[in-house]
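Here the structure comes first, spelled out in structure tokens, and everything after it is commentary.
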Amino acid sequence: MEERCCAAVMRVLVLQAAWALAGGQVRYSVPEEAKAGTVVGRLAQDLGLEAGEAEARRLRLVAQGRRASVEVSGASGALLVSSRLDREELCGKSAPCALRLEVLLERPLRVFHVELEVTDINDNAPIFPAARKNLSIAESSVPGSRFPLEGASDADIGANAQLSYTLSPSEHFSLDLHRSEEYRESLFLVLTKSLDREMIPVHRLLLTASDGGRPSLTGTMELVISVLDANDNAPQFNQSVYKVQLLESAAVGTLVATVNATDPDLGSNGEVTFSVSNTFPEKGMNIFLLNGKTGEIHLAGTVDYEDIRTHEIEVEATDKGTPPLSGHCKVVVEVLDVNDNAPEVWVTSLSVPVSEDASVGTVVALLSVSDRDSGENGRVRCWVWPASPFGLEATFAGSYSLVLREALDRERVSEYEVEVRAEDGGAPALGARRGLRVPVSDVNDNAPAFAQAVYTVLARENNAAGAELARLWARDPDEAGNGRVSYSVWEGGAGGGGGWRAASSYVSVDAESGRLWALQPLDYEELQVLQFEVRAVDAGEPPLWGNATVQLFVLDENDNAPALLPPAGPAPEAGAAAAEAGAAGAGAVVAKIRAVDADSGYNAWLRYELWEPRGKGPFRVGLYSGEVSTARALDEADGPRQRLLIVVRDHGEPARSATATLSVSLVEAAEAALAAAPGPGGAASAATNVWLVVAICAVSSLFLLAVVLYVASRWAPRAAVLSGPGPTTLVCASEVGSWSYSQRHSRSLCVADGAAKSDLMVFSPNFPPPPPGPAPKDTQPEPSASHSKMHLQSLPDRVYDAICGDFTVLSFLGS
């Protein structure tokens, strides 16, 4: 036994070298019953792998169908026998016995196909159906009569199953072995000499079967031959072999064949009955049913082409003579294939999830497809549904790779339900389906995007530090860290009297929520507009980002009281004025109160009120000019000295005020004449009067021009001015009521004899335009006021309420 194993191993090495040179796939051969651990072949070396590469890339076998009884050594990459190999168990009588194995390599994923042939050794002895066979032969049988014997069977194949028979020495009997390439061998016992029952009533012979193995194995069966007297004609079949074809889908009860035998004897010696003497394979005894009287053979069970393709039934016809004689024939039933087996689909390897940036051609899964039928019934075609983005590629007979055919986008489809469909070529065709779930893993391929490119934010001055100004939000369709967004103030700032200051000193943004909040109270007098960018960055690798521009407009609050300015020239004393008693008529200007307010718009629109004395005093104050003039002619009854208390208020909510005290001294006409006499003082007064007249004329001219412009604006088309968002428009008003438009970022409001100050800026935020329709009417009589209010219809109510007063101030001044 040891010598046979060594010789088989040598044959393995020779066959391995020959097959490796024969084609692309690797082929090995191993004898059955090889010990566990026997090296079948150096698989890693034959696949072209370097030392240690087999273990690093996880060289392994893919088990499918029946267990392969071999394994791959992880360290050496050799193909080893792992358990007992029994060729008869694996392949039965099929030759050659070839096992197809799939070998996988990872990183990158590759598949190889290995064919392993299990060769036969002579490990099975011939076996007879029974240890003893009883035969009855009439003594009238003539020499040359033939009697069929049941031959032995050997589970081996080839020479190991090539049987020869010997019979123990006998002068009456010999053996005749008939071999055929188409059918099984037929063994006959031949009568060589006439029998004499009176001399030898029973013959006992030993039949020995020997196979062709080395050493040869044998099996024996005892033949007990009883010699009968009388009946000397045996039944004869009209055919020695009956050939029939039967569909494997035939129903139980189907007539398979009808045998016919005749006996020339008369009476009971010629009455024939039929019986089945033997079937091959043996399970045919339960599948076929023979009618002993008619010779009809019916199907009693089911036949399976994939299990047994040919059944042989040996039928014996026996008469009722004494002794009975018999004749024999063979019925060969060929089973025809029908399409009764659907294809089978196995997933041998699945690499998921698939990255959304995976390249076209990436192998996602390995599949194996088979069909037990033959011919067109076993020819299978496969495809993938839906047809994209995956496809099938055939790698070997019955093996396929599921590969990527199109680029993936996880944000569009995050998971695919793929169905591999198989269909054979039968009529009707049978199919099979195998579903695969292929999730797509995310990569950072989307940058955060803000809902708006530009955000307009309105904030009142003097807001509390930490007050929320706005909330920004950017969307990133990626998942997990790739879609987790953080916010930061990126760049921007504002200039002013104190120099350029970064936006990060005024505002901050919460990194997680995008909440924009103030770091310090805002001061309109210091900052009117703050423009900066907010950046949204995801947590991917590498990170991606998006920007949005924020325009922060500071709305004015009435937080500054009016401030009085010093007189516009030398005076005897602060807050004093002189008037000529009896000579000053009504409307004579005595003095002018000057004040300025650091606020803007309504909050900086000042009015002057005479607080004391109340009633019908001799003096009055211009409501908006601050000029103190006589209300009537002065006389001595008014007293030599008047004390006036003047209150200066703005139009804020609530209003802020300042007070001025003016002392007016009444002088006699002689003192007035001295004041009017030629001299330095008189010349200065005369010059002042001249300039006063010039100023009055200029104011009147400007007023007339304003009226003309107003009438023209009422009749001119104004749709482009009154509707829709547009560029920032700056509006200026002079003290005499004239209007002008400018593209500058600031303007100066001029007060008579006063210093210029920064005033109102009008802007159009990026809100959608108002719906078309007639402009609302304003109840104010001033045309400029209604014009300004219509221009602000597109703003929210809270914004309009905050800045509408500024326009009203200007329109009032214009009127």
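The values are calculated or read from the model by the stated rules, or taken from the named source; none is laboratory data. Not measured: the values here are computed from a predicted model. Glycine also receives a Cβ, built like all others from the backbone with ideal geometry; neighbour counts cover every protein chain displayed.
Some notes on this structure:
To keep it simple, each residue is scored yes or no on (1) assigned to a strand (DSSP E or B); (2) assigned by TED's automatic domain parsing to the domain that holds Ser170.
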position: Lys93; (1), (2): no, no
position: Pro96; (1), (2): no, no
position: Leu99; (1), (2): yes, no
position: Leu104; (1), (2): yes, no
position: Pro108; (1), (2): no, no
position: Ser136; (1), (2): yes, yes
position: Gly144; (1), (2): no, yes
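- Of the strands (runs of 3 or more DSSP E) lying entirely inside the stretch 412-469, those containing at least 3 residues that are of a type in the set (Asp, Glu) and touching a Leu at 6+ places or on another chain (Cβ under 9 Å) are 415-424.
- Within the stretch 585-619, the set of residues being part of a loop (DSSP other than H, G, I, E, B) and under 60 Å from the mean Cα position of the chain (by Cα) comprises Asp599, Ser600.
- Number of the exception - Asn377 against (1) polar (S, T, N, Q); (2) more than 16 Å from the chain's Cα centre (by Cα); (3) surrounded by fewer than 20 Cβ atoms within 10 Å (Cβ to Cβ): (3)
- Selection within the stretch 259-275 - crowded, with 16+ Cβ neighbours inside 10 Å and either within 60 Å of the chain's Cα centre (by Cα) or not in a loop (DSSP other than H, G, I, E, B) (or both): Ala261, Asn269, Gly270, Val272, Thr273, Phe274
- Scanning the stretch 620-642 for residues that are without any contact (Cβ under 8 Å) to a residue 24 or more places away in the chain and in a strand (DSSP E or B) yields a single hit, Arg620.
- Candidate set from the stretch 189-201 (those that are crowded, with 17+ Cβ neighbours inside 10 Å and modelled with pLDDT of 90 or more); member that is farthest from Thr310 (Cα to Cα): Leu191
- Qualifying positions in the stretch 373-431 - charged (D, E, K, R) and over 17 Å from Ser359 (Cβ atoms): Asp373, Glu376, Arg379, Arg381, Glu411, Arg412, Glu415, Glu417, Glu419, Arg421, Glu423, Asp424
- As a summary of the residue check, Asn231 satisfies the conditions (1) crowded, with 19+ Cβ neighbours inside 10 Å; (2) out of contact with any strand residue (DSSP E or B) (no Cβ under 6 Å at 6 or more places or on another chain) except for the one numbered (2).
- Entirely in the stretch 276-379, the strands (runs of 3 or more DSSP E) that have 1 or more residues that are closer than 30 Å to Asn134 by Cα and free of Cβ contacts under 8 Å to residues at least 24 places away in the same chain: 288-290
- Selection count, the stretch 383-394, where residues are surrounded by fewer than 19 Cβ atoms within 10 Å (Cβ to Cβ) and not in a loop (DSSP other than H, G, I, E, B): 5
- Test result for Arg204, of a type in the set (D, E, K, R), in the same structural domain as Ala161 (by TED's automatic domain parsing), more than 19 Å from Asn134 (Cα to Cα) and exposed (fewer than 15 other Cβ atoms within 10 Å of the Cβ): no
- Screening Gln245, Gln239 for residues that are assigned to a strand (DSSP E or B), outside the structural domain of Arg434 (by TED's automatic domain parsing) and surrounded by fewer than 15 Cβ atoms within 10 Å (Cβ to Cβ) leaves exactly one candidate, Gln245.
- Residues within the stretch 643-664 that are touching a residue at least 60 places away in the same chain (Cβ under 8 Å) and of a type outside the set (Gly, Ala, Ser), tallied: 10
- Set side by side, the residues Arg421, Arg460, Arg437 differ, and just one is under 30 Å from Phe532 (Cβ atoms), surrounded by fewer than 18 Cβ atoms within 10 Å (Cβ to Cβ) and in contact (Cβ under 8 Å) with a residue 24 or more places away in the chain, which is Arg460.
- Qualifying residue in the stretch 46-58 (condition: of a type in the set (A, V, I, L, M, F, W, C), at pLDDT 75 or above and assigned to a strand (DSSP E or B)): no
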